[in-house]
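Single-structure report; data block below.
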Amino acid sequence: MKVQFLGAAQTVTGSCYMIEACGKRFCVDCGMHQGNKAIDARNRDPEPYRAANVDFVLLTHAHIDHSGLIPLLVKEGFKGEIYCTPATGELIGIMLEDSAHIQEMEALFEQRKYARRGLKNPPQALYTIEDAQAVPKHLRPVALHMSVEPAPGIKATFYEAGHILGSGTLRLEITEDGKTTSIVFSGDIGRPNTLIVRPAETPPPADYVFMETTYGDRDHKDASTSLDELASAIAYSYAKGGKVIIPAFAVERTQEMLFCLHSLASKGALPDDMPIYVDSPLAIRATEIFRRHKELMDDATQRMLASGEDPFELPNLHYTLSREESEAINDVKKPAIVISASGMCNAGRIKHHLKHNIWRPGTSLVFVGFQAVGTPGRAIVDGAKKLTLFGEDMEIKAKIFCINSFSAHAGQSQLLDWLKPLAASKPNVVLVHGEEKAQQIFAGLVKERFGIEPVIPSYLEEMTLKGGAVQALVQHEPEAHPRIDWNFLTGEVERKWEMFKQRLGDGKDRPWVDQTNLEEALAKMDYYLTRLISKL
């Protein structure tokens, strides 16, 4: 059996594990890579996936970093079935269509930009709405704890992951040559006592455990203070006449934010005259799916709903579906709360709300989820002073709040608790879906606590599993991380700088207007060099 890591290897996005076993080739998850341009470029390389040769997909949950490349898979020739829980199937039906809409809108923006500059061959949409709408016909819903055999010799069972509605931890049993090998793919593991959804459960023991490590290097802050921190952000902007901007994933996090605002309102901690905007058509549709799947919610939420109280409703709540309604939020001159996607600020309507508010001192910018390396959200959380939005550099004057206790991912101690019962049988542990630092720290703890030395694969690495052990590791480092020729790049800058000085000659002898044009261009170059140096 062979596993290749096509994403979420020393990163937290692009989850995809391509498996060859029992004469079949299939993947667990097929997520979109999210980050800077180099990471995003991986989405446009379909070769490693070989879509027409994929027999089926096993999907742990609906988040785009786990499902976002499925329309591309279908577009490139995938004809198999996609197995997931019923709620996941409903959610990806709307999430992938929304993702496609964003792809098309961004491609249109690039086409216009290229046309204005007289450039040719603008980047096309990764996939279209039509591609996304072709996905549901491949879905095969599977209830939690019910086993399915997508191919002879391969049995798959989903267990509650406690991450988002419908999320599952996957356990595979693969029988080849009369021997059965068991593998657990954790998916994303939720926190105990999280809002709305039921807590994660640990599946039966397995020979291999592929485990997420998003927060492998730290625990979350005390969750009991989360509401107070959110109330502080609201009070800050309310007092200054500004807006509270909350970048939030449309599925789960937006619903959790509504739940929390509902709680604050019931305690009298939310200003009566402060409107709340859920500015995400996807979040609005997702909330309806939540209402249809009460059986997947935790006991407290079910009791609340049974009593007639709706945790997703508020007196001053406004859902904005159209672009015109979204743009009108910017004309609201009084304090307001705006919840919008995407959660990492790298796409969607949130970018427009940042453009209109991030430079205002009275704005509260509230981060309530993980921010991947290379995303605008991560840059802000790491202390960036400026942010480039739609080609314009903006000063970050908003007050930044990071409330990580809202995260849908288990913290370090909770990850160890989840692993503990599985570790008793001494499985092979493979750490995925985490940044390298987090994985190294967590690997040390796993070795110290359980006497197990985890494997940390890299992007595109191939792992051969045989006889209950990892038999071989094949890396593809040149393809995974193409070498950057710094000597060439810096040499080119130096060469062209010398050319500039030679051609400029004695600048004062040039016509004054020409001098001012050159001065302006040189000042821009100086500005960008200063920005570049500040990143080192």
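The values are calculated or read from the model by the stated rules, or taken from the named source; none is laboratory data. Since this is a predicted model, take the numbers as computed values, not measurements. Positions of Cβ are generated from backbone atoms using ideal geometry, with glycine treated the same way; all protein chains shown enter the neighbour counts.
Going through segment 129-156 one residue at a time, which ones are outside any strand (DSSP E or B) and touching a residue at least 40 places away in the same chain (Cβ under 8 Å)? Give the steps one after another, and end with the answer.
So the first thing to find is which residues in segment 129-156 are outside any strand (DSSP E or B), and the list is 129-138, 142-146, 152-153.
Result: ASP131, ALA132, ALA134, VAL135, PRO136, HIS138, VAL142, ALA143, LEU144, PRO152, GLY153.
Out of ILE289, ILE245, I need the residue that is over 28 Å from ASP331 (Cβ atoms) and either among the small types (Gly, Ala, Ser) or in contact with a Leu (Cβ under 8 Å, 6 or more places away or on another chain) (or both). Which one? Selected residue: ILE289, the only one of ILE289, ILE245 that is over 28 Å from ASP331 (Cβ atoms) and either among the small types (Gly, Ala, Ser) or in contact with a Leu (Cβ under 8 Å, 6 or more places away or on another chain) (or both). Filtering segment 436-452 for residues that are at pLDDT 90 or above, surrounded by 14 or more Cβ atoms within 10 Å (Cβ to Cβ), touching an Asp or Glu at 6+ places or on another chain (Cβ under 6 Å) and not hydroxyl-bearing (Ser, Thr, Tyr) leaves a non-empty set.
Report whether or not LEU460 is within 17 Å of CYS16 (Cβ to Cβ), in contact with a Leu (Cβ under 9 Å, 6 or more places away or on another chain) and in contact (Cβ under 8 Å) with a residue 60 or more places away in the chain. So LEU460 passes the test.
Among the criteria (1) touching a residue at least 12 places away in the same chain (Cβ under 8 Å); (2) closer than 30 Å to ALA443 by Cα, the one PRO275 does not fulfil is (2). Among the residues of segment 264-298, those that are part of a helix (DSSP H, G or I), small (Gly, Ala, Ser) and crowded, with 18+ Cβ neighbours inside 10 Å comprise ALA265, ALA283, ALA286.
Taking the options LEU72, LEU59, LEU126, name whichever one is on the phi < 0 side of the Ramachandran plot and touching a strand residue (DSSP E or B) at 6+ places or on another chain (Cβ under 8 Å). Walk me through it before giving the result.
Values: LEU72 fails: touching a strand residue (DSSP E or B) at 6+ places or on another chain (Cβ under 8 Å); LEU126 fails: touching a strand residue (DSSP E or B) at 6+ places or on another chain (Cβ under 8 Å).
After ruling out the rest, the residue left standing is LEU59.
If you go through segment 85-102 one residue at a time, do you hit one that is under 29 Å from GLY216 (Cβ atoms), surrounded by fewer than 22 Cβ atoms within 10 Å (Cβ to Cβ), out of contact with any helix residue (DSSP H, G or I) (no Cβ under 6 Å at 6 or more places or on another chain) and polar (S, T, N, Q)? No - not one qualifying residue is present in segment 85-102.
Would you confirm whether or not segment 509-517 contains a residue that is free of Cβ contacts under 8 Å to residues at least 40 places away in the same chain and closer than 30 Å to ILE39 by Cβ?
No - not one qualifying residue is present in segment 509-517.
Within segment 197-215, restricting attention to residues that are over 14 Å from ALA408 (Cα atoms) and either assigned to a loop (DSSP other than H, G, I, E, B) or not assigned by TED's automatic domain parsing to the domain that holds VAL430 (or both), the residue that is modelled with the lowest pLDDT is THR202.
If you filter segment 182-196 down to residues that are β-branched (Val, Ile, Thr) and at pLDDT 95 or above, you find that the one that is farthest from ASP417 (Cα to Cα) is ILE183. Residue by residue through segment 173-196, note down the ones that are in a strand (DSSP E or B) and basic (Lys, Arg). Passing the criteria: only LYS179. The residue list SER364, SER322 contains one member that is more than 20 Å from the chain's Cα centre (by Cα), hydroxyl-bearing (Ser, Thr, Tyr) and over 30 Å from ARG116 (Cα atoms), which is SER364. Where helices (runs of 4 or more DSSP H) fall entirely within segment 396-505, those with at least 3 residues that are over 21 Å from PRO204 (Cβ atoms) are at 436-450, 477-480, 486-504.
When restricted to residues that are over 25 Å from ASP188 (Cβ atoms) and surrounded by fewer than 15 Cβ atoms within 10 Å (Cβ to Cβ), segment 125-147 contains 2.
Taking the criterion of being part of a loop (DSSP other than H, G, I, E, B), touching a Pro at 6+ places or on another chain (Cβ under 9 Å), polar (S, T, N, Q) and crowded, with 17+ Cβ neighbours inside 10 Å, would at least one residue in segment 158-167 satisfy it? There is no residue in segment 158-167 that is part of a loop (DSSP other than H, G, I, E, B), touching a Pro at 6+ places or on another chain (Cβ under 9 Å), polar (S, T, N, Q) and crowded, with 17+ Cβ neighbours inside 10 Å. Filtering segment 315-343 to residues that are among the aliphatic types (A, V, I, L, M) and in contact with a strand residue (DSSP E or B) (Cβ under 6 Å, 6 or more places away or on another chain) leaves LEU317, ILE329, ALA336, ILE337, VAL338, ILE339.
Suppose we filter GLY507, GLY468 for residues that are surrounded by 12 or more Cβ atoms within 10 Å (Cβ to Cβ) and under 27 Å from SER15 (Cα atoms); which single one remains?
Sole residue among the options that is surrounded by 12 or more Cβ atoms within 10 Å (Cβ to Cβ) and under 27 Å from SER15 (Cα atoms): GLY468.
The residue list PRO150, PRO203 contains one member that is in contact with a strand residue (DSSP E or B) (Cβ under 6 Å, 6 or more places away or on another chain), more than 30 Å from LEU445 (Cα to Cα) and surrounded by 17 or more Cβ atoms within 10 Å (Cβ to Cβ), which is PRO150.
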